[in-house]
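Following: one structure in structure tokens, then a few remarks.
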Amino acid sequence: SGTGNGTVSFIVRDNPDERFRVGTITIAHRDFIVRQGGFGQPGCTVALTSTFETFSAGGGTGGTTVVAAEDCIWNATSNTAWITITSDNGGLGTGTLTFSVAPNGTGVARKGTVNVSGMTFSVKQKK
């Protein structure tokens, strides 16, 4: 507990179960979901319904559907600060991933990616 800015640390212990497990940490009325695969869980195959989107210099919002088995955990990360994941950055089974692209004031076109459990979604933005 506390007030103001700070760092929250937590530890996720080994999952002795064969199946995945999901927990929620609530901080300042916002939920953060922690997903953990089981020791006997086979590797998951993740696919994206689209893998590329182009944006104008003004930016915008985009997304894709992540296709995975119902017990498959996936996570998404942006490789650049101008692409912000606006949905949950992970999921269990098939789900929707959405993101926003900030306006491009650099004067040059740029490229970035969102990695989704080993799959790459490419973003191009015009100058």
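Rg and Dmax, both from the Cα atoms of the chain and both in Å, are 17.0, 52.
DSSP bridge analysis restricted to the chain gives an antiparallel fraction near 90%, rounded to the nearest 5.
Nearest 0.05, what FRET efficiency do T96 and F10 give at R0 = 25 Å with Cβ-Cβ as r? The formula returns an efficiency of 0.40 here.
Surface composition of the chain: carbon plus sulfur atoms hold 50% of the accessible area, using a 1.4 angstrom probe and ignoring ligands, DNA and RNA. Quick one: if you take sqrt(5λ) for each eigenvalue of the C-alpha gyration tensor of segment 1-58, what semi-axes come out, biggest first, whole angstrom? The three semi-axes for segment 1-58 are 28, 27, 8 Å.
Considering only alpha-carbon pairs that sit under 8 angstrom and 6 or more positions apart, the relative contact order computed for segment 1-116 is 21 percent. Along the axis of the charge dipole computed for segment 1-58 (Cβ charges of +1 for Lys and Arg, -1 for Asp and Glu, origin at the Cα centre), the listed residues G2, S56, A28 are led at the positive end by G2. Computed over segment 53-127, the Cα gyration tensor eigenvalues convert (square root of 5λ each) into semi-axes of 25, 10, 9 Å, ordered from largest to smallest.
Rolling a 1.4 Å probe over the heavy atoms of the protein chains gives segment 24-127 an accessible area of 55 Å² per residue.
The values are calculated or read from the model by the stated rules, or taken from the named source; none is laboratory data. Since we're looking at a predicted model, the values are computed, not measured. Glycine gets a Cβ as well: all are built from the backbone with ideal geometry, and neighbour counts include every protein chain shown. Areas reflect the complete protein model, heavy atoms only, side chains present, ligands, DNA and RNA absent. Shrake-Rupley method; radii C 1.70, N 1.55, O 1.52, S 1.80 Å.
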